[in-house]
Each structure stands twice: as C-alpha cells, then as structure tokens.
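A.B. asks: Below is one structure. I have some questions about it.
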Amino acid sequence: MTAAYDRNNVFAKILRGEIPCQKVFEDAHVLAFRDIKPQAPAHVLVIPKGEYISSDDFSAKASPEEIAALFRAVGKIARDLGLDKTGYRILANHGEDAHQEVAHFHFHIFGGKSLGRMLPKE
Ligand code: AMP
C-alpha cells in the first residue's frame, strides 16, 4: 500500500478522542477497544498510536519499541480476557484482497467461542 496515511480514518478519530470507544487497554504506544460490530463474543481491536496504514507499513517503519509494545499488548489483553485458557485468533488485514476497511493498522483478537476454520471454504 503506497498511499499516504489518512488522518480522517475512524481509528485516528478514536485516538484523538473525537469519537468514543470501549477501551480495554492503553499504554504509551497502543490503544485497544471493542469492535463496534463484534464477530465473536470477544472481539477487540489493538492499534498502534503511530500513523501506520497497515501491517505492511507498520512492519517496515515502526520502531522496535512500537512493535514490541503492540505484540505484548495483544498477549496481555487476551490473558486479561481469559482467552489464553480457551483459545483465540489474531488477524490483521492488509489491503484489497484481505478487505481491509480501516486504513490504520490493527490486529483483531477474536475469542469466546470455537472459531471454526481459519479461512472460509471457497
Ligand atoms: P478491517 O476490515 O480489518 O479493516 O476491520 C475494521 C474493523 O473496524 C471492523 O471489524 C469494524 O467493525 C471495526 N470498526 C469500524 N468502526 C469502528 C468504531 N467506531 N469502533 C470500533 N470498531 C470499529
């Protein structure tokens, strides 16, 4: 993805406090909140506070501290929600084929039920 970061994307607005979210975690580098249209009993979005469009952008440009903070946060949130005991799935969509809707990098954490196959059958 080569486009510039769009500061009007919905997660940028959440980070600026312009629209509300159901926050579950925050530190210097990371914010996590409940997905507005949950696709599992537990569905949390974990985002870096920095301006990164997608996993491609984040993996290429983020600092080691930002990368570590994001992945540490994913593990902590899953443990705090008790999902480490029952299982959970982490997912990040990049670009068109993955149907990425919001152009600010985010991990989805899904859990709270049996999640079925990794990808739907064609
Ligand atoms: P993706 O397709 O990976 O870009 O997923 C974007 C996700 O953001 C979807 O699961 C949406 O339901 C979720 N979403 C969009 N707007 C909001 C919002 N205001 N608060 C929380 N989640 C949102």
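Bear in mind that the values in this text are calculations on the coordinates, not laboratory data. The structure presented is a predicted model; accordingly, all values stated were derived computationally and were not measured. Positions of Cβ are backbone-derived with ideal geometry, glycine not excepted, and every protein chain shown enters the neighbour counts.
A.B. asks: Between helix 64-80 and the chain, what is the angle of the helix's C-alpha long axis to the longest principal axis, kept within 0 to 90° and rounded to the nearest 10?
C.D. replies: The helix 64-80 is inclined about 30 degrees to the chain.
A.B. asks: If all Cα-Cα distances of the stretch 33-112 are sorted into 10 Å bins from 0 onward, what percent lands in each bin, rounded to whole numbers?
C.D. replies: 18, 50, 29, 2
A.B. asks: Which of 14, 59, 88 sits farthest toward the positive end of the charge dipole of the chain, with +1 on the Cβ of Lys and Arg and -1 on the Cβ of Asp and Glu?
C.D. replies: The Cα lying farthest towards the positive end belongs to 88.
A.B. asks: Kirkwood hydrodynamic radius for the stretch 75-122: how many Å is it when counted over pairs of different Cα atoms?
C.D. replies: Over the stretch 75-122, the inverse of the mean reciprocal pair distance is 12.3 Å.
A.B. asks: In addition: Sort out for me the Cα centre separation of the stretch 43-62 from the stretch 1-39, rounded to whole Å.
C.D. replies: 10
A.B. asks: By how many nm would the segment from residue 117 to residue 84 lengthen if fully extended, with 0.36 nm per residue of separation less the alpha-carbon distance?
C.D. replies: 10.0 nm
A.B. asks: Follow-up. Label points 7 Å out from Cα along the Cβ direction at residue 76 and residue 3: separation in nm?
C.D. replies: About 3.2 nm separates the two model spin labels.
A.B. asks: Right, another one. Calculated from DSSP H runs of 4 or more alone, at -39500 (n - 2.57) each and per residue, what is the 222 nm mean residue ellipticity of the chain, nearest 500?
C.D. replies: The helix-only estimate for the chain comes to -7500 deg cm²/dmol at 222 nm.
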